[in-house]
Amino acid sequence: MLWQIVGWGAMVMIRRAGASDGRRLGRMVRSSAAYQGPYAPMVDGYRMGADYIAAHRVFVAVDGADGADAERLLGFYSLIVDPPELDLLFVADHAQGRGIGRLLMDHMRGEARRAGIDRVRVVSHPPAEGFYRSVGAQRTGTEWARPPAVMWDRPEMVIPVGEESDIAAEGASGR
């Protein structure tokens, strides 16, 4: 577990997701303001099962309240190790702009390093491309639409994971 104080003064804990988190994670994906309008069909009916959580490195950021029932979910990510890909990264609408996404990306880089990974692929939701660039991701191409599952083209990016990537991310974010 990792405890971190973010810019707005809240204590945030990042912990490994458990099977019991699946329902809340699926709800966060389905209710995300980033997937309204034309993007809504992409997440309609999305569920995150215990098998997915067990098979991948899924981590959640919570507000650090005492007791599992009191934890307020702030965001989560899922790292697939082979082949290396950031499959999911979501920050709760109420926690947007508070550094949770950057905190999760820093944690993901550490997990990738521990797994011996030097770069992680991400196929970005188009409106999220700016965020990924701000944390050091580099555009490598385009993942073309595949109707009816995905109706729009998406930026394909790579996130460097080594120590030099931390310097690049700091420069890109202005830290």
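One table, with the values for the structure above:
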read-out: Placed amide H near LEU74: partners under 5 Å, 5+ positions off or other chain; value: ALA61, VAL62, ASP63
read-out: Residues with amide H under 5 Å from that of ALA17, placed H, sequence gap 5 or more; value: VAL58, PHE59, VAL60
read-out: By accessible area with a 1.4 Å probe, ligands and nucleic acids excluded, highest first: order of ARG23, ARG109; value: ARG23, ARG109
read-out: Length added when fully stretched, ASP118-ALA54, from 0.36 nm per residue minus Cα-Cα; value: 20.7 nm
read-out: Rounded to whole Hz, the Karplus (6.51, -1.76, 1.60) HN-Hα couplings of segment 100-115, x for glycine and proline; value: 5, x, 5, 4, 5, 5, 4, 5, 4, 4, x, 4, 5, 4, 4, 8
read-out: Segment 17-32 - phi-based ³J(HN,Hα) in whole Hz, Karplus 6.51/-1.76/1.60, Gly and Pro as x; value: 6, x, 3, 5, 7, x, 4, 5, 5, x, 5, 4, 4, 5, 9, 4
read-out: Stretchable slack from TRP144 to MET13, in nm (0.36 nm times residue separation minus alpha-carbon distance); value: 43.6 nm
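The values are calculated or read from the model by the stated rules, or taken from the named source; none is laboratory data. Because the structure is a prediction, the values reported are computed rather than measured. These accessible areas exclude ligands, DNA and RNA; they are computed on the full protein's heavy atoms, side chains included. Shrake-Rupley method; radii C 1.70, N 1.55, O 1.52, S 1.80 Å.
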